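Some notes on the structure that comes next.
The values are calculated or read from the model by the stated rules, or taken from the named source; none is laboratory data. These numbers come from a predicted model, not from an experiment. With ideal geometry, Cβ positions are generated from the backbone for all residues, glycine too; neighbour counts draw on all protein chains shown. Please note that ligands, DNA and RNA were not included when accessible areas were found on the heavy atoms of the full protein model with its side chains. Shrake-Rupley method; radii C 1.70, N 1.55, O 1.52, S 1.80 Å.
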Amino acid sequence: MSIHLAAAQDVEMFTASLSAEQQRDLAKRLTTFLSQYSHVSDSYIIEFFTEDLWHTLPHRWQPVLQDLSYPQVADLLLDPTHGDRRYPSVWPLSLLAFRATAHALAFPRECRQERSGAAVSVKPEEFLENQSQSSLLGHIFRKHVKPKKQHEIRKLGTLVKQLCEQTACSSVVDVGSGQGHLTRFLSFGLGLSVTAIEADHTLVSTASKFDAELLWTLEKEMQKKSCSSLDRALQSSPRHVAGWVNPKASWEAFIKQLSAADCVNKSPQTLFGPSKKRLRGSEHQRPSHGVQSSSCSADSDRRSLDLRQNESEEESSTENCCTCVQPVRQEGVHPEENSQLHPDFVLTGLHACGDLSATLLRHFVNCPHVRGITSVACCYMKITTKENPTPPGLVAAPQTPGLDALPSEFGYPMSSWVGGLPGQRLSYKAREGACHAIEDYARRLREESELLRTHCYRAMLETFIRDTRPDLRRAGIQTIKKAHLLPFTEYARLGLVRVGLPPGLALNPDRVEAMLKQQSRVVVYFSLSLLLAPVVETLVLLDRMIYLQENGVDSQLVPLFDPNFSPRNFVLVALKARG
């Protein structure tokens with residue numbers, strides 16, 4: 001069944017819908033290209049000096065790349081739409097082919113109107129009048145919601161509503177719902193019946209409080225207007241389920257989990273004035289560290305490249321990535337009970353982390369109750385693979401009594417076709433790189449931001465750490481505040497303490513000066529690896545499209561969000577034909 005969405009002003013399908021044969025052919029070309037340059041995508045920029053990464057580049061590339069200014073790196077390497085290609089020197093054909101192939105193979109990240117060549121602002125037009133308030137979203141849905149999330153819930157909510165209309169479903173399940181911002185817009189704003197499931201009990205409680213606050217605001221407005229719309233709003237109040245979606249559980253267990261009465265925290269039907277003191281700090285609450293959440297926080301997919309260069313690139317950061325919560329063990333779940341009674345629904349997940357996106361796609365394929373899906377993925381480095389079944393940050397599936405675990409299924413590759421291709425392996429580092437914000441980095445290059453020096457600082461520090469402790473590789477230093485404003489000696493002093501080395505460790509000044517002069521090389525090398533990031537993301541998403549196609553379901557990819565504002569901007573959309 002093909003997908004026919006209304007031509008709404010802010011919903012555009014991926015322009016080049018690919019046939020099954022074209023999808024498989026593109027996958028072959030992607031794996032061939034990425035395997036050829038895996039030494040770049042798999043490299044850690046903090047090892048620029050220790051592994052002599054510059055001299056791993058083709059000999060003829062080095063002289064032309066090292067003389068580029070930062071704006072030229074952005075325009076000539078990273079920007080596929082830049083028209084004025086004035087080269088300061090003659091580029092070798094192999095470098096031109098590398099750049100052209102990377103751009104050609106990656107799915108376009110901008111909507112059609114944004115690919116016209118016009119200048120793109122950092123924020124969408126809906127924020128031109130007010131930097132923090134979307135002009136296209138009602139005020140009751142903007143409270144407690146950051147601008148990026150306002151942009152996302154409005155556009156995704158519109159898409160989900162259209163999918164519900166096409167599948168004749170009025171029910172939606174929002175997985176990894178967090179504080180319920182998308183859930184509230186779907187239910188109170190668009191009149192859908194929504195069940196929201198979130199692993200963190202604290203976020204579930206906060207979502208219910210925000211629901212009550214919205215209803216209280218509605219009550220005041222309805223009293224002024226002598227309107228009866230409040231009754232309809234109460235009827236559409238969402239259900240909140242506290243639960244961890246187990247990647248190794250069956251779809252029957254998932255349905256039972258959604259229906260579990262003792263896990264549901266339903267929005268209050270009795271209106272009351274919210275306590276402002278109680279709510280004031282809840283927007284930024286974070287649970288304890290150490291385990292993984294089912295979804296990412298509002299800032300997860302921006303992954304500003306210079307904000308995490310001081311930590312180990314082998315680690316999975318919880319600071320800018322995922323809310324960390326303990327998985328909920330679902331006791332007494334019996335899949336066969338009442339699964340037939342659940343109404344058909346559309347499944348959605350906004351920036352579902354790691355394997356959760358793959359799990360939702362499998363439930364969509366296998367569960368007869370799921371009629372459609374909109375999947376926005378995130379945190380590709382937390383996807384399980386055969387080579388790396390337990391990536392950093394992964395939570396082991398809890399053992400539920402009486403429930404047999406499904407056979408091992410990995411988050412990548414999902415499709416049989418990609419799994420059988422030579423060179424399909426994607427390393428942890430390549431997948432972590434695919435989460436970076438290429439538009440944000442290009443903007444910093446054009447601005448010649450001082451933040452660009454921090455990659456060089458961290459790579460320099462790595463050399464001095466290994467001189468003293470050769471066994472200490474890629475140590476997690478975490479972000480050093482305003483590192484780009486510090487002299488390297490002060491940065492090193494702060495960093496050495498964090499890995500247990502003396503802050504007064506002698507640093508050869510001549511060696512420090514020589515490495516500082518190579519900062520532009522560090523930036524260029526990182527830009528080359530960043531050029532491959534959209535290619536890696538394309539392969540991951542294409543694998544999921546092929547998986548759906550192998551299971552008899554057509555899908556389309558929507559570059560729904562503004563990539564300058566929301567870098568993980570692709571939405572995978574699919575629906576099933578009615579039997």
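Amide H to amide H distances under 5 Å link Val241 with Ala196, Ile197, Glu198, Asn265, where only residues 5 or more positions off or on other chains count and H is placed in the peptide plane.
With a 1.4 Å probe rolled over the protein heavy atoms of all chains, the accessible area of Trp91, Trp216 falls in the order Trp216, Trp91, largest first.
With 28 Å as the limit, the listed pairs Lys148/Lys576; Lys28/Lys429; Lys148/Lys429; Lys143/Lys248 have Lys148/Lys576; Lys143/Lys248 beyond it between alpha carbons.
Shape class of the range 457-524 from the alpha-carbon gyration tensor: rounded, with the ratio a/c of largest to smallest axis under 1.5. Met515 sits with roughly 10 Å² accessible to a 1.4 Å probe, with DNA, RNA and ligands left out of the calculation.
When the inverse distances between all different Cα atoms of the range 21-107 are averaged and flipped, the Kirkwood radius reads 14.7 angstrom. For Val497, the solvent-accessible surface computed with a 1.4 Å probe is close to 80 Å², ligands and nucleic acids excluded.
Our coupling estimate for the range 243-253, obtained by passing each phi through the Karplus curve with A = 6.51, B = -1.76, C = 1.60 and θ = phi - 60°, is x, 9, 7, 7, x, 9, 9, 6, 5, 4, 5 Hz, Gly and Pro reported as x.
Kindly identify the range 501-579 as rounded, prolate or oblate by the Cα gyration tensor criterion: order the square roots of the eigenvalues as a ≥ b ≥ c, call it rounded if a/c is under 1.5, otherwise compare a/b with b/c, prolate if a/b is larger, else oblate. Verdict is prolate for the range 501-579.
Among Tyr380, Tyr37, the sequence by solvent-accessible area, most first, with a 1.4 Å probe is Tyr37, Tyr380. What you get for the range 421-579, charging only the Cβ of Lys and Arg (+1) and of Asp and Glu (-1), is a dipole of about 360 debye around the Cα centre. Across Arg521, Arg425, the residue with the most accessible area heads the list, and the full order at a 1.4 Å probe is Arg425, Arg521.
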